[in-house]
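First the structure, in the form of structure tokens, and then the observations on it.
The values are calculated or read from the model by the stated rules, or taken from the named source; none is laboratory data. Worth saying up front: this structure is predicted, and the values here are computed from it rather than measured. Counting neighbours? That spans all protein chains shown, and the Cβs are built from the backbone with ideal geometry, glycine included.
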Amino acid sequence: MKHVMKLLFAGVVAVVFAVSTQTAKAVDTIKIGLIEPLSGRIAAVGKDALDAFTFAADQINKKGGVLGGIQLEIIGLDNAMNAEKTTEQLKKAVDQGLSYVIQGIGSNHAGNIIKFIDKHNKRNPGKEMVFLNHSAVTTAFTNELCSFWHFRFDANVDQKVAALVTQINRDSSIKKVYMLNQNYAYGKSFQSAAQRLLAERAPNVEIVGNELIQPFGKVQDFTPYIAKIKASGADTVLTGNWGPDMIRFVKGAVSSGLDTQFYTIYGGLTSSIGGYGSDAKAVNLKQVTEMHENHDGMPDDVHEYIAGYLAKYSDTWYADRQRWLIYMLAAAIDKAGTAAPIPVAKALEGMTFDGPLGQVTMRADDHQLQMPLVVSSITEKAPKSVKYKGNDFGVAFSTDGVADLAATTLPTTCEMKRP
Amino acid sequence: MEVFLFSMFNGVLYGMLLFMLASGLTLIFSLMGVLNFAHASFFMLGAYFAYQISKYVGFWPALVFAPLLVGVVGAAVERYGLRPVHRFGHVAELLFTFGLAFVMEEVIQMIWGKVPVPYDVPAALNFAAFTWRGLDYSAYRLFMLVVSVGIFVALFLFIAKTRVGLMIQAALSHPQMVQSLGHDVPTIFMWTFGFGCALAGIAGVIGGNVLGTEPAMAITLGPIVFVVIVIGGLGSLWGALIAALFIGIMDNMAISYDIALFPIFAMFGVEREAEGIMRDLVDLTTGGIAPVLPYLLLVLMLIFRPRGLFGTRDV
């Protein structure tokens, strides 16, 4: 009898223990680190990213989370746009036992994260980390520098330039293109991709100028450049400029009455549109993105998502890839049946997702998301104008053309080493 | 020849904007011996004030009130910030203004946010005054030129003809003597500092809508203003004018002519098919290094003539 009681007691204890760990697991969360500048000069961009990812994770959590009830939690880790602090925050992420790190602002930091995680994963088997890159576009990360632990959800520079060049080739009025880019890794990769792809895909277009400028606001006055563009007879400017280098360029061009078109990657960033002021209405500017609010034929869930985000943060939803990243990660965790990084990384390879312009695929060869892109023009006549922190800029984008997967899929030189 | 004239004209436009900033800085230095590291921040403050004021009552009141406000802020900074620090010497003052630049940037970000604000050129001046080589020159650019020339003339007359101006001149060469003659030096200091800041404020009002009004505008323009006053000679108004014009014109010429620098490197044995670090030198042109040229000039100036073109004291 005593024995029976003992056994019974042990059984009860075991059951209670099992149940309690089960419930503990049920309310458990998967923590995801977001390393971005949350202080300093470009903290606004970092905070926008934190809002965007938190919102995306909230949507997953509202639908019941992953693995039947586990919640996703985004943890902001401030790198102040500084290389040492990026490493510091990575170490912090290791200490906290995070398996997933998101970053995207600044390819130099992304490059450091790839190196750090490669080394870390080699030395700490069983404690691997995966890097989910939402915006760092240096093409090399999915070519010669590719890593199994890195997944890029943004189109790289070459894909974006391919979309721009495809659109340029559709416009037969474009004869002469002037290229002006920032003199650092990104600007140079834009320049070389544009030269190569223009020659391949738009052989009738002549490059009449090819300029590299000192980047990050060092050029105060763009008038001499604008005079050169005018003198070259260019009808179109192709530029990867962003930030003050884009704003001053546009303001200078408008005040000088330069009537060329601007084909850009980042000309439509919300912060830049604010900087153009009333010149946004005068400039003939185009951008390439994975979607924009006024694009026709996007699925209803995308529109619902955009409306939800606007209601919560009073910002126009800009980088839909940030939603894809979280949704695909959640799907990969469910598919793998575990939140352990290696199975999830393997589940992400080749995973597809229904994006706003059609299906996107995480290519297993190089971990570069393959996606259609849309080229759009800034206009006052767009039905829904761009809003940011309660400001309505009175302009928005309307579609010129879509570059489908065939146009944006480019070969890779990646030789992936898998664990 | 046309390219030359064009570069001269644009260079003068840009140079005069630099001069407006540098004049206040050099004035403050000449009287107080303080190198105001926060000077470009007052330029930024002028732009933001002008944006805020012009939002409600238009550009013209902003042109008057924004610099006045900046001047008052500047005077207050001198009275309650710089003056207590003064007795610890120039290094303490320098460090104070250095810190002030960061504080002002943060405060501006707190009030107006971290993204650029839409501060526009006034509609009344936003038309093409004339067209040259296919490019429009807006009336606003000419207006900028007129304002900056006007400021130079007014400043020159002020310093040469007025009593306060004479004191400033005296302080330039014999700062201790002016003090011993019993002038209320602290008050002169306060108003000179405020006045110098107001000059930066004017530059902000008329430059902010052309260059873009954003929290990083001070950091990107600040160093070049120092280059102007060091090349011109610390404390020299004429020097600041000549150096500002020179830098403006040099910048434009370097970009417009865009001369390849390869022949120069070739003299040092760099080959056309160079590899590695030399690879970048081969393709270098004057246009590519235009924003760096003033700093190169600064280094040369410090080596060969540390007091600058018209300076009376060594740096």
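For segment B:174-195, indicate whether the set of residues that are under 20 Å from B:V107 (Cβ atoms), more than 12 Å from chain A (Cβ to nearest Cβ), modelled with pLDDT of 85 or more and surrounded by 14 or more Cβ atoms within 10 Å (Cβ to Cβ) is non-empty. Scanning segment B:174-195, I find at least one residue that is under 20 Å from B:V107 (Cβ atoms), more than 12 Å from chain A (Cβ to nearest Cβ), modelled with pLDDT of 85 or more and surrounded by 14 or more Cβ atoms within 10 Å (Cβ to Cβ), so the answer is yes. Taking (1) farther than 30 Å from B:A244 by Cα; (2) of a type outside the set (G, A, S); (3) over 24 Å from the mean Cα position of the chain (by Cα) in turn, A:N133 satisfies each apart from (3). Given the structure, is A:T264 at pLDDT 95 or above, crowded, with 22+ Cβ neighbours inside 10 Å and in contact with a strand residue (DSSP E or B) (Cβ under 9 Å, 6 or more places away or on another chain)? Against the criterion (at pLDDT 95 or above, crowded, with 22+ Cβ neighbours inside 10 Å and in contact with a strand residue (DSSP E or B) (Cβ under 9 Å, 6 or more places away or on another chain)), A:T264 qualifies. Yes or no: A:V344 among the aliphatic types (A, V, I, L, M), on the phi < 0 side of the Ramachandran plot and assigned by TED's automatic domain parsing to the domain that holds A:A311? For A:V344, the condition - among the aliphatic types (A, V, I, L, M), on the phi < 0 side of the Ramachandran plot and assigned by TED's automatic domain parsing to the domain that holds A:A311 - is met. Meeting the requirement of 2 or more residues that are crowded, with 19+ Cβ neighbours inside 10 Å, the helices (runs of 4 or more DSSP H) wholly within segment B:1-104 are B:2-32, B:39-57, B:59-77.
The number of residues in segment A:243-274 being closer than 27 Å to A:H303 by Cα and within 13 Å of another protein chain (Cβ to nearest Cβ) comes to 6.
Can we say A:A57 is touching a residue at least 60 places away in the same chain (Cβ under 8 Å) and part of a helix (DSSP H, G or I)? The answer is yes for A:A57. Against the list (1) buried (at least 22 other Cβ atoms within 10 Å of the Cβ); (2) out of contact with any strand residue (DSSP E or B) (no Cβ under 7 Å at 6 or more places or on another chain); (3) under 26 Å from A:Y318 (Cα atoms), the condition A:Y184 fails is (1).
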